[in-house]
2 protein chains.
Amino acid sequence: MPALSPVLAHIDAQLDTSLQRLFELLRIRSISTDPAYAGDCRKAAEWLAADLGSIGFDATVRATPGHPMVVAHHAGPAADAPHVLIYGHYDVQPVDPIELWTNDPFDPALREDREGRKVITGRGSSDDKGQLMLFVEACRAFKAVHGALPCRITMLFEGEEESGSPSLKPFLDANAAELRADFALVCDSDMWDRETPSICTSLRGLVGEEVRIRAADRDLHSGMYGSAAANPVRILARILAAVHDDSGRVTIPGFYDGVEETPSQVLQAWQTLGQTAESFLGPIGLSVPAGEAGRSVLEMVWARPTAEFNGIIGGYTGAGFKTVIASEASAKVSFRLVHQQDPAAIREAFRAFVRERIPADCSVEFHPHGGSPAIQLSYDSPFISQAQDALSEEWGKRAVLVGSGGSIPIVGDFQKLLGMESLLVGFALSDDRIHSPNEKYDLNSFHKGQRSWARILHALAGRA
Amino acid sequence: MPALSPVLAHIDAQLDTSLQRLFELLRIRSISTDPAYAGDCRKAAEWLAADLGSIGFDATVRATPGHPMVVAHHAGPAADAPHVLIYGHYDVQPVDPIELWTNDPFDPALREDREGRKVITGRGSSDDKGQLMLFVEACRAFKAVHGALPCRITMLFEGEEESGSPSLKPFLDANAAELRADFALVCDSDMWDRETPSICTSLRGLVGEEVRIRAADRDLHSGMYGSAAANPVRILARILAAVHDDSGRVTIPGFYDGVEETPSQVLQAWQTLGQTAESFLGPIGLSVPAGEAGRSVLEMVWARPTAEFNGIIGGYTGAGFKTVIASEASAKVSFRLVHQQDPAAIREAFRAFVRERIPADCSVEFHPHGGSPAIQLSYDSPFISQAQDALSEEWGKRAVLVGSGGSIPIVGDFQKLLGMESLLVGFALSDDRIHSPNEKYDLNSFHKGQRSWARILHALAGRA
C-alpha cells in the first residue's frame, strides 16, 4: 500500500499549478446547449484527454451524435486492484444574463469574497469542471509521488449533462464492457455545509403519469346541465384528494410495498444535522411539513415516498368567469420512490386506483412519463464507511450520510446499464450559484477536495 | 270583457299580412355586437316604434350609450286594468359563417323544411324578432276588433340582448317609475316540444367565486421538496373534493338554507314529461346523473342547487412533464341557487369552508364573480294558472310548468330593479338553430303564438 501523506503533501505543494490547469479548462466556453459552442465543447474534451494522457491515462475523445465523451483508462497497481469509474461533465450552463456577472465568466481568477474567503470565479468553476479536476489532480499526485495509482481507474467525462445527456445512455449501452467497474464515484454534489462533508447514500426514484378524464362529448352550459352532468374537474379533484389520507399517507393499495423503515441510528444521525421544519421550509416561505405525520422533514424527502400533483388543468382558466362544465380535465402526477418500490407496480396501482373512481359514463386516459427505481446504498456497505472515515479525517468533522429527494439520472443509468453502485461525494457549497451569474468554487473546496479524493482512493484501494 | 273569438279570427285572417310585417323587420340587419350595423339597429328600433304607433301606442325610440330602446305605452280599457310590461329584443346574432346558410339570412321567406312544415327562414326569425312580433300582432288584433286592449300595456324592446345588455340596467334604473308594471311577459324561450307549450316558473340564481391558493413563495423542485412542502394543487383538490359528499349533496354548512322541497304534484307533472336520465344525458354522451341521489335529472337542474367547478389550473400544464410543485393553484367555482338561497350567505359559507381547510402556512384569496338569487314563481299563482289554461286551450295539450337551470338576467333585473315577477312563455323550438346558420321559426309558432298571447292577455285581463 503506497503511503498517503506524501501524496497529500504533493497536492498542497502543487495547489497553484493545479489552479492554473483548472483556469485553462474554465476558459473554454463549453456551453453544451448552444450549437454555436460545439467547437468549444470539443476543445474542452480534447484538453481533458491531453491532460489525462500526460498523467499516463489511455485517454480518447469519443464521438457521439452530440458532444464527445472523454474516456480514459489507467491500470491499477495489480490485476486484482479495485476498478473505479469516475464520472464528471465538462460542459457548462449558458451565462445569460451576462450583465449580472461581476467578472467575465470565462476569465477565471482567484478572488476574495465579501467574507474574505478565497474563491475561484467563473462559469463551471463549481459545476462541474472544478469538481471533476479534483479526481484528475488526485491521480496526478499519486503518479508523481508513487508512479502508480492506488486503484484501476476509468474516467468518463461527458459534454451534455447540462442539456439532458441525450447521448449518454446509448454510449453506456454500446460501451458497457469497457466502462463497467466495481463502483462509480460521482462528484457533482454539495457538502452538507461549509465544514461538513457528506456522502449521498440514496436517491428517490420517479414515476410520472398524466391522467386525462373525459366526461360529456362537448363543453356544457353549467346552468343547463349543472348537477345532472358529470363534471370532470370534480371527478379529478375527488381522485387526487383520495390519494392521501388525513395523515399525509398515500392510500393507493400496495404503494408502500418495498418501503423500509430507516434504521434508527440513521434517523438519529439525521437528527444531529439540526435540520428542522423551520430551517428547511422557512427559506421557501413555509412552516408546516406536508408529509406523513410523525416524521422529520429530512426523513420525508430522503427516505419516504411521495405522490405529488405537478400540474392540473380543466375548464375555463382565463380572465373572468365562464359558466362551463368542461368535457375533460387532466393532471400530471408524479411519485418519488424509495428503497424497493417497483415503478411499474406503482404505475399500475395508481391507474387501478383512478379507474375504479371513474363514473361509468366517463373515461380516462393515461400517459406515462418516465419511471426509475430508487437508489439505496446499503448503510453498512464497507466502501461507504471507508469513504466516510477518509472524509472525516480530511475535514476534522464526521462526514454525514445524507439522502437526496431527487433523482440523478446518471446514477440510475450506472445501476441499470452497468450494474454498478455509485458513491456520491461533492464539495460544492449551497452558495456556489451554479447555473446562475457569478458562479464560484471555494479554493478550500478545490484544495481539500483533491485531498479528499486522494484519501478516498487510498482507502478504497485498501479494501481490495 | 271584450270577446276573444273575433280577435283570434282576425289573427287567422291577417296571418299573411302579419308575416309581411315580420319580413320587413327581419330584413333589417340589426346585429348589435358589430358597430358596423349600429345604423341598422337604430332602423329596427324606429321601425318598431312606427309600427306600434300605428296601433295607437305612445311609442318612442330612447337613446342609450349603446343601441336604443323602444318604449311604448298603451292605456288599458279602464284605469284599474292590470298593467303588463312586455319584453323582447330586436337585435340579432352575427351570421358567420355565412357560407353555411342555405338562404340569405336577411332575405326572409316562407319555406318548407324537409318534413314539409312551413318555416320562416332568416336571422332573428326565432330569436327574437319573430317572438316579439307575436305581442305586437296580438295587440293589433285586439285594437282592430275592439278598438281597445284588454290590459294596460308597456312594451320594452332592447337592442343589445345579444351583446350583453350593457345599457339595460342603467335604463331600468333611470326609468323605473315609467316601466314598473304588475308583471312582465317575456317571450324569449322554447316550447317543451312541438306540441306542448310551457311556462317557465323558476330560474336558478348564480354565485361565482374564484379561489386562489398560495403555498411556497416560489415554484419548487418536487424531488427536493416533495412530501415536505405544501402542494397547493393537493390542497385545492382536497377542498373541491370535500364540497360534495358521496351522494352528490353539497356539504358546505348552511348551503341548503332556503331550499324548499318541490311540491309532489309538480314533481309528478315533471315525471309525465318523459324526460329520463337517458334522454337528458344521452345526447351529450353521458348516462349517469351526477347530482343528489334519488332525484330526477329534471329536479336536479330545475329545482336543486349545485356547486360546479368551472375551471382549475395549477403547476405545469404544457406538453411533457415538469417535476414542479407549484406556488399557487386556482379554481373557478360556481353555485346555482334555488328558492330562497341567499347569494351573499352562500359566498360567505363557501369562503369559510375553504379557509378552514387552508394549512397554516398557506394563504387563500377570493375573487367574486356575479351573484344573483333564484327566481321562483309561486306554483299556485293565479296568473300562472290563467296563462296555463289559456295556452292549453290554444294548443289542445296541457301547458307544462318547467324550470330553467340557468339564469336569464332580465328576469332578475325586473325583480330586483322594478320589483316585478316575470312570466316566461315562448314558442321557439329546439331545432330553430338560434345563433347558428339557417335560423328558422315555424309558421305554426308564429301563428299560434299570436293566438296564445291574445288568449293570455285576455285571461289576465279577466283577473283584474
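The values are calculated or read from the model by the stated rules, or taken from the named source; none is laboratory data. Because the structure is a prediction, the values reported are computed rather than measured. Neighbour counts run over all protein chains shown; Cβ positions are idealised from the backbone, glycine included.
Restricting attention to region A:208-224, and to residues there that are outside any loop (DSSP other than H, G, I, E, B) and either more than 7 Å from every other protein chain (Cβ to nearest Cβ) or charged (D, E, K, R) (or both), which single residue is farthest from the chain's Cα centre (by Cα)? Within region A:208-224, the match that is farthest from the chain's Cα centre (by Cα) is A:Arg214.
The residues listed here are B:Ser247, B:Ser202; of these, the one that is more than 7 Å from chain A (Cβ to nearest Cβ), touching a Leu at 6+ places or on another chain (Cβ under 9 Å) and either acidic (Asp, Glu) or not in a helix (DSSP H, G or I) (or both) is B:Ser202. For region B:201-218, the condition of being crowded, with 24+ Cβ neighbours inside 10 Å, out of contact with any strand residue (DSSP E or B) (no Cβ under 6 Å at 6 or more places or on another chain) and in the same structural domain as B:Glu394 (by TED's automatic domain parsing) holds for none of the residues.
For region B:222-256: of the residues being of a type in the set (S, T, N, Q) and more than 13 Å from B:Ile358 (Cα to Cα), which is surrounded by the fewest Cβ atoms within 10 Å (Cβ to Cβ)? By that ranking, first place goes to B:Ser247.
Across region A:358-367, what is the total count of residues that are more than 14 Å from chain B (Cβ to nearest Cβ) and within 24 Å of A:Asp257 (Cβ to Cβ)?
First, the residues of region A:358-367 that are more than 14 Å from chain B (Cβ to nearest Cβ): A:364-365.
Restricting the remaining residues to those that are within 24 Å of A:Asp257 (Cβ to Cβ) gives A:364.
Here the count works out to 1.
Does region A:7-32 hold any residues that are under 13 Å from A:Val92 (Cα atoms) and in contact with a Pro (Cβ under 6 Å, 6 or more places away or on another chain), and which are they?
First, the residues of region A:7-32 that are under 13 Å from A:Val92 (Cα atoms): A:25-32.
Listed by number, the residues that qualify are A:Leu26, A:Ile31.
For a quick check of your reading: which helices (runs of 4 or more DSSP H) sit entirely within region B:275-357 and have at least 3 residues that are under 31 Å from the mean Cα position of the chain (by Cα), buried (at least 18 other Cβ atoms within 10 Å of the Cβ) and more than 8 Å from chain A (Cβ to nearest Cβ)? Step through it out loud before you land on a result.
On the way: elements: B:277-281, B:297-303, B:343-355.
Filter on region B:275-357 gives B:297-303, B:343-355.
On the given criteria, is B:Ala75 over 25 Å from the mean Cα position of the chain (by Cα) and in contact (Cβ under 8 Å) with a residue 60 or more places away in the chain? Walk me through how you get there before you give the answer.
Details: over 25 Å from the mean Cα position of the chain (by Cα): yes; in contact (Cβ under 8 Å) with a residue 60 or more places away in the chain: yes.
Answer is yes for this residue.
Scoring B:Arg194 on the criteria (1) within 30 Å of B:Ser385 (Cα to Cα); (2) buried (at least 18 other Cβ atoms within 10 Å of the Cβ) leaves a single failure, condition (2).
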